[in-house]
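The values are calculated or read from the model by the stated rules, or taken from the named source; none is laboratory data. Everything quoted here is computed from the prediction, not taken from an experiment. Positions of Cβ are generated from backbone atoms using ideal geometry, with glycine treated the same way; all protein chains shown enter the neighbour counts. For accessibility, only protein heavy atoms count, side chains too; no ligands or nucleic acids. Shrake-Rupley method; radii C 1.70, N 1.55, O 1.52, S 1.80 Å.
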Amino acid sequence: MNLIPFAGFVVALLLAVSHGIETFQQMGESKNGHSPEMPAQKLLGVNFYFRSFYRFTSTFLFLSLAILQFHIYGELTREINSFPFLFGIHIPFLLLIGPLSYIYFEEMSGGEIYKIRSYHFLPSILSLIFVYLLRPKNFELPLLHSQIPIENLFYHTIIESLLSIGVVSIFIYTVSIMIRVFRWKFDFKKSIESSFLPFLFLLIYSLSVVVLFVLSQIVFMQLFLLACVGLTSLLVLILLLKINGKELIPNFKKETRSVRYKESRVNGINVNQVLQRLDDLMNLDHLYLNEDLSLPILSKHLGLHTHQLSEILNSMLGCTFRNYINQFRLQEAARLLLEKPDMTILSVIYASGFNSKSSFHKLFQERFGISPQNYRSKID
């Protein structure tokens, strides 16, 4: 049974590495111009290091879960006695899980993640300082069931307090997410209909695991194993779905981002939300594939006047409506040329949303510096 938290550590570590690689690839594609940059990221003048941290939110989240599981394994097997410096290393990461989960939720639902202030991470930083810089010089791990030396009693008490604070913080962040989703459900019933119950089940399941960790600290330490089983099972499910290219909660991103956009329209135009919604219409709904797509049609999807959308595109993204749509169509054409070698050039043109052969060739040449036929041949 002690191998359960170790299995959870391995699975969480795999997820962290996988998300990290994906983020690096996305950053590389954006930098090299192979994929359209997310509009919201152009707006926000955020410090580079914080922006990079937010991009790797999912990586840090799963890494924190991995370290937590590894430490539990060390505690249960008493292997941690061989590595005293690892004692308490899980505390800073435990205190990160709550805010990282909330940022991950904000990112998935189209929220302005850069507004999550740095003080959310202050408890984790302070705990790291306490665990390592303020550790007693003569500190030794107590043997199982042995009494803690009086000179280390204060240090152990603070460690246990920080552990409790970490678990409670996860509970608070999770409840705040639940309240937000419930409010959306009641305010915009049909908009979040299909993903509400699966997401509610996931939150209740997560809260149950948190409660088990709390009870294991207060009542019965062996509940740690049950809590680890629950957490590891969830991580395994996430990994299996990721391997198969499926979402944990189908339609969650699409529905919640649509709700956020409707919510923002109540108080007038929120440019960040407009750009996020615009990005979703392109990347999630693939609206650019409609060859009849026009400025009035897209404006209607956004609930804006044509002049408002035109102004936002020009002032915030520095492009016209036609240029904005064509960048997605050209990227789709390039993808089809590589992934569908049996498709004719003409089929690729229409499948990408273009309705003019001559304009497609001209735009493709300008974008990639090579003709569609040569582009396909050069890659081959």
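Summary table below
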quantity	calculated
Subset of the stretch 126-152 (residues that are modelled with pLDDT under 75 and outside any loop (DSSP other than H, G, I, E, B))	Ile150, Glu151, Asn152
Criterion (closer than 21 Å to Ile97 by Cα, at pLDDT 65 or above, surrounded by 15 or more Cβ atoms within 10 Å (Cβ to Cβ) and of a type in the set (A, V, I, L, M, F, W, C)) met by exactly one of Leu68, Leu76	Leu68
Residues (open to solvent by 50 Å² or more (accessible area, probe 1.4 Å) and of a type in the set (S, T, N, Q)) located in the stretch 112-132	Ser118
Criterion: open to solvent by 50 Å² or more (accessible area, probe 1.4 Å) and small (Gly, Ala, Ser) - qualifying residue of Ser82, Ser109, Ser101	Ser82
Residues that are assigned to a helix (DSSP H, G or I) and farther than 20 Å from Phe62 by Cβ, drawn from the stretch 73-115	Glu75, Leu76, Thr77, Glu79, Ile80, Asn81, Ser82, Pro84, Phe85, Tyr114, Lys115
Selection count, the stretch 242-284, where residues are under 30 Å from Val209 (Cα atoms) and either loosely packed, with under 14 Cβ neighbours inside 10 Å or β-branched (Val, Ile, Thr) (or both)	8
Output for the stretch 347-366, where each listed residue is open to solvent by less than 80 Å² (accessible area, probe 1.4 Å) and assigned to a helix (DSSP H, G or I)	Ser347, Val348, Ile349, Ala351, Ser359, Phe360, His361, Leu363, Phe364
Unique match (being surrounded by fewer than 15 Cβ atoms within 10 Å (Cβ to Cβ), over 18 Å from Leu330 (Cβ atoms) and not basic (Lys, Arg)) among Glu311, Glu291	Glu311
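For every residue, the table says whether it meets (1) within 21 Å of the chain's Cα centre (by Cα); (2) under 17 Å from Tyr104 (Cβ atoms); (3) of a type in the set (Gly, Ala, Ser).
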| residue | (1), (2), (3) |
| --- | --- |
| Ile172 | yes, yes, no |
| Met178 | yes, yes, no |
| Arg183 | no, no, no |
| Phe186 | no, no, no |
| Ser191 | no, no, yes |
| Phe199 | yes, yes, no |
| Ser208 | no, no, yes |
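Results for (1) surrounded by 14 or more Cβ atoms within 10 Å (Cβ to Cβ); (2) in contact with a strand residue (DSSP E or B) (Cβ under 9 Å, 6 or more places away or on another chain); (3) modelled with pLDDT of 85 or more; (4) not hydroxyl-bearing (Ser, Thr, Tyr), shown as yes or no for each residue.
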residue	(1), (2), (3), (4)
Ala7	yes, no, yes, yes
Ala12	yes, no, yes, yes
Ile21	no, no, yes, yes
Asn32	no, no, no, yes
Met38	yes, no, no, yes
Lys42	no, no, no, yes
